[in-house]
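Below is one structure, written out as structure tokens; comments come after it.
What follows draws every value from the coordinates through simple rules; no lab data is involved. What you see is a predicted model, and the numbers here were worked out from it, not measured in a lab. Positions of Cβ are backbone-derived with ideal geometry, glycine not excepted, and every protein chain shown enters the neighbour counts.
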Amino acid sequence: MVAAPQRVIHAPIALGSAIAGLPIELDVAVPVREFRVRNLLALEVGQVIETRWVQGEDLPLSAGDVQLAWSEFELVETALAVRLTRLA
């Protein structure tokens, strides 16, 4: 016996609804190569960590395990911000 695939229905959420006001945490992941526990334990203030991210390359923007979009870093006055480049 094979189970029938489940169908996911996406209902639009009105901007004025109570659920639309709930906070959500977004994450941008920067890939770091060959980072080990010993590297984590040896971290010091001012240390620079080399990444595999190529400047100008889009980074995934996620909420939990769900990727929402692709993004790029941007400096806004004195804050580091993220600009959406495309939706996932």
*asked:* Can you tell me the mean projection area, over all orientations, of the convex hull of the chain's alpha carbons? Units nm², please.
replied: 11.3
*Which length gain, in nm to one decimal place, applies between LEU84 and ILE13 when the Cα-Cα distance is subtracted from 0.36 nm times their residue separation?*
23.5 nm
*From the backbone phi of segment 25-36, what are the Karplus-calculated ³J(HN,Hα) couplings (6.51 cos²θ - 1.76 cosθ + 1.60, θ = phi - 60°) in whole Hz, Gly and Pro given as x?*
9, 9, 10, 10, 9, 10, x, 10, 7, 6, 8, 10
*Can you list residues whose amide H is under 5 Å from LEU68's amide H, if they're 5+ apart or on another chain and H is modeled 1.01 Å from N?*
LEU61, SER62, ALA63
*asked:* Among 40-47, 14-21, how do they line up by average Cβ neighbours within 10 Å per residue, starting with the highest?
replied: 14-21, 40-47
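Sum -39500 (n - 2.57) across every DSSP H segment of at least 4 residues in the chain, then divide by the residue count to get the 222 nm mean residue ellipticity, nearest 500. Please list the in-between numbers first.
Values: 1 runs with 5 residues, N = 88.
Using -39500 (n - 2.57) per qualifying helix, the result is -1000 deg cm²/dmol.
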*How high is the relative contact order of segment 25-87, in percent, with contacts defined as C-alpha pairs under 8 Å that are six or more residues apart?*
29
*asked:* Using the crude model of +1 on Lys and Arg Cβ and -1 on Asp and Glu Cβ, and no other charge, please compute the dipole size for segment 25-87 relative to its Cα centre, in debye to 20.
replied: 220
*Which length gain, in nm to one decimal place, applies between GLU25 and VAL37 when the Cα-Cα distance is subtracted from 0.36 nm times their residue separation?*
1.8 nm
_GNM result for the chain, Cα springs below 10 Å: residue of VAL54, VAL28, VAL76 fluctuating most strongly_ = VAL76
